[in-house]
Every structure is written in C-alpha cells, then in structure tokens.
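Novice: Below you'll find the structure I mean.
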Amino acid sequence: MKESQPDLLRLFEDVLNTRSRLRVRVTGRSMSPFLKGGEVLTIRQEPSLSLKKGDLILFRNTFDLPVLHRIIQKRKTNDGTFCFLTKGDALIGFDGEIHEDSVLGKVCRIERPVPSGRTRQSDMDSPFHKGMNYFIAVLGSFRTRIYFFLSGVPAKKA
C-alpha cells in the first residue's frame, strides 16, 4: 500500500490541478472526533491567501504522502508566500510547517453516514462551520501548548 501512496498523491494533484473537485473517503483517525472515518470529503483547490485558521486542508507531507489536517496558524514569509502550522485534532503535536506549495486543496463539503443508511452533508463554507472550525483550531492549539507546558517539553512549531 505504501508504494502506491505517491501514485495516489499524483492522482490527487492531477485532479485538483484541473480545477475539478476531488472526493475521497476518510480512512485515518488523526482528525477524530471531528472525522471518525467513513466520511466522504469533497476537496477543491483554493488560493493560499483565502485559507484560514480552522480550515481542513489536504497537503503533501515531507514523505510525499497525502495528509488531511486542520490549519492552526498561517503566516506570510519574507518572499510573500504562506506557510501553515497544521495539526490532526486527535494528535498532541503540531505537524512540521507546511509551505503553500505543498497544499493540494481545502475540504469544502463532508458527507457523513447516518444510522438510517443515508448521508448528511455539511457545507464547510457556511458561517456555522467556519466558526466551529476556527474554535476547534484554537482549542487544539491551546490543548497542545498546555500539554507541552505541563510536560516541560517545548512545543515544536517547525
């Protein structure tokens, strides 16, 4: 499976670079409890300027694997580009800093299975979800910083 990950990443990039939307099923647990697994995400390419704290982004990590985590912080670099500090909701530590060139897209819709066998759709661009995602990002950052403060280990920011 790991050998196919770079090919999968290239397929994701190809689809998103045509301005098409990508639909993928969540398989990991790093975004729990927000994403439990089994949800179908719709991802679209988005300019880095419009990405905000709380957005869920799909990016290429340092091992050339696709990762979906939440933006915790955004900063503009000296050359005018953007870098993002990201984190999985279920994880304690931050990811390494992600440069805008590694961002593939932003989650714009989530389809969640419900017990009736149907799906419930969430528009991630709605004011409610934007506010909720911002709050989750702030809470996640605070939780990580408190954990590292209490453990005496500095929180890695990248």
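The values are calculated or read from the model by the stated rules, or taken from the named source; none is laboratory data. Because the structure is a prediction, the values reported are computed rather than measured. Methodologically, a virtual Cβ is constructed for each residue, glycine included, from the backbone with ideal geometry; neighbour enumeration extends over all protein chains shown.
Novice: Farther than 23 Å from residue 122 by Cβ and out of contact with any strand residue (DSSP E or B) (no Cβ under 8 Å at 6 or more places or on another chain): does that describe residue 62?
Specialist: It is true that residue 62 is farther than 23 Å from residue 122 by Cβ and out of contact with any strand residue (DSSP E or B) (no Cβ under 8 Å at 6 or more places or on another chain).
Novice: Could you give every pair whose Cβ atoms fall below 7 Å, whose first residue belongs to the range 6-26 and is under 21 Å from residue 38 (Cα atoms), and whose second residue is surrounded by fewer than 14 Cβ atoms within 10 Å (Cβ to Cβ), counting only separations of at least 6 or pairs across chains?
Specialist: Close Cβ pairs (under 7 Å, with a partner that is surrounded by fewer than 14 Cβ atoms within 10 Å (Cβ to Cβ)) amount to 9/64; 9/65; 25/38; 26/37; 26/38.
Novice: I'm checking my understanding of the structure. Among residues of the range 98-147 that are at pLDDT below 95 and crowded, with 16+ Cβ neighbours inside 10 Å, which one is farthest from residue 69 (Cα to Cα)?
Specialist: 144
Novice: A further question follows. Between a residue in the range 111-128 that is in contact (Cβ under 8 Å) with a residue 24 or more places away in the chain and closer than 18 Å to residue 43 by Cα and any residue that is among the polar types (S, T, N, Q) and in a helix (DSSP H, G or I), which pairs come within a Cβ distance under 9 Å, given they are 6 or more apart or on different chains?
Specialist: Correct list of pairs: 124/133.
Novice: Ok, one more. Which residues, counting only those in the range 27-57, are of a type in the set (S, T, N, Q) and in contact (Cβ under 8 Å) with a residue 60 or more places away in the chain?
Specialist: Within the range 27-57, 30, 42, 45 qualify.
Novice: Looking for whichever is in contact with an Asp or Glu (Cβ under 8 Å, 6 or more places away or on another chain) and either under 20 Å from residue 128 (Cα atoms) or among the polar types (S, T, N, Q) (or both) here; the options are 5, 73. Which one fits?
Specialist: None of the others qualify; the one that does is 5.
Novice: Identify, by number, the condition in (1) surrounded by fewer than 17 Cβ atoms within 10 Å (Cβ to Cβ); (2) out of contact with any Phe, Trp or Tyr (no Cβ under 7 Å at 6 or more places or on another chain) that residue 70 doesn't meet.
Specialist: (1)
Novice: When residue 96 is evaluated against the numbered criteria (1) part of a loop (DSSP other than H, G, I, E, B); (2) touching a helix residue (DSSP H, G or I) at 6+ places or on another chain (Cβ under 7 Å); (3) among the small types (Gly, Ala, Ser), which criterion, by number, is the only one it fails?
Specialist: (2)
Novice: Separate question: I'd like the full set of residues that are more than 16 Å from residue 52 (Cα to Cα) and not β-branched (Val, Ile, Thr), limited to the range 90-100. Full working, then the answer.
Specialist: Our first condition is that a residue be more than 16 Å from residue 52 (Cα to Cα); within the range 90-100, this holds for 90-96.
If the condition is that a residue be more than 16 Å from residue 52 (Cα to Cα) and not β-branched (Val, Ile, Thr), then 90, 91, 93, 94, 95, 96 are the ones that fit.
Novice: Given (1) buried (at least 18 other Cβ atoms within 10 Å of the Cβ); (2) touching a residue at least 40 places away in the same chain (Cβ under 8 Å), where does residue 93 come up short, assuming only one miss?
Specialist: With (1) buried (at least 18 other Cβ atoms within 10 Å of the Cβ); (2) touching a residue at least 40 places away in the same chain (Cβ under 8 Å) applied to residue 93, the lone miss is (1).
Novice: Let me ask something else. Being loosely packed, with under 13 Cβ neighbours inside 10 Å and more than 10 Å from the chain's Cα centre (by Cα) narrows it down to one residue among 78, 61; which is it?
Specialist: Sole residue among the options that is loosely packed, with under 13 Cβ neighbours inside 10 Å and more than 10 Å from the chain's Cα centre (by Cα): 78.
Novice: Now, a different point. Please state which of the following conditions residue 54 fails to meet, knowing it meets all the rest: (1) on the phi < 0 side of the Ramachandran plot; (2) surrounded by 15 or more Cβ atoms within 10 Å (Cβ to Cβ); (3) not aromatic (Phe, Trp, Tyr).
Specialist: (1) is the only condition that residue 54 fails.
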